[in-house]
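Data block below; observations after.
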Amino acid sequence: MTINFRRTSIYFCSAIMSAGLIACAGDPMESGLDPFAPMVFKEGATAMPLNPPNNATLVPFYVSPQTIFKFAVDTDSILIGADGVTRYIVVLTNPSGGQQAQYEGIRCDSFQWRLYGTFENQVWKENPLSNWKDIQSKVPNRYQASLAQGAFCNFNSQEKNIKTIIQTLNPNGFTGGTKPTNSFGVM
């Protein structure tokens, strides 16, 4: 009986040690991966649009009482990227009626925007100096802030539902002119 007891205790101790080692293997500090460390942003590939802005799907949106420009987004062009970037075509109209179309992206996590290219002479031209810039909230032509706050972002996370984005772009209910706050009134 002592031999059986000894074998059983050896098996039991081995099982406990194995379970302890397996539990330690999942420890983030042991594996070198910290689940609380900030994620590094990696942007996906961005191709320029193939078509010009579609006048039938342009939806105007409110920016601010100080702006003299008019702004519209082509709802057919909105792409919700898996990389956290919402890409879109925006059409800017000056007071004399001249228009400019731009292909841009917005990151909700960092509240930044990027100009990928412009539509010139019926062709999309890529912007070679394109980089991420902070979205300005206190300037008259703050259309990126209006789009981010009113449609593309849910606070600091990307809105993933295209139907929700299109519904919030509705000119009668668009809230992009006001900055969203949490229940304590703090951004």
Quiz item: Is segment 55-168 best put as rounded, prolate or oblate by its Cα gyration tensor, with a ≥ b ≥ c the root eigenvalues, rounded for a/c under 1.5, and otherwise prolate when a/b is larger than b/c, oblate when not?
Solution: rounded
Exercise. Only Cα pairs under 8 Å and at least 6 apart count here; give the relative contact order of segment 130-173 as a rounded whole percent.
Key: 24
Quiz item: Among the lysines, which have Cα under 23 Å from the Cα of K125 when same-chain residues fewer than 8 positions away are ignored?
Solution: K70, K133
Quiz item: If you count, for each residue, the other Cβ atoms within 10 Å and average over each peptide, how do 119-128, 133-142, 70-79 line up from highest to lowest?
Solution: 70-79, 133-142, 119-128
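Readers should treat all values here as calculations from the given coordinates under stated rules, not as data from a laboratory. Everything numeric here is computed off the predicted structure, so don't read it as measured data. Cβ coordinates were reconstructed from backbone atoms using ideal geometry, including for glycine residues, and neighbour counts include every protein chain displayed.
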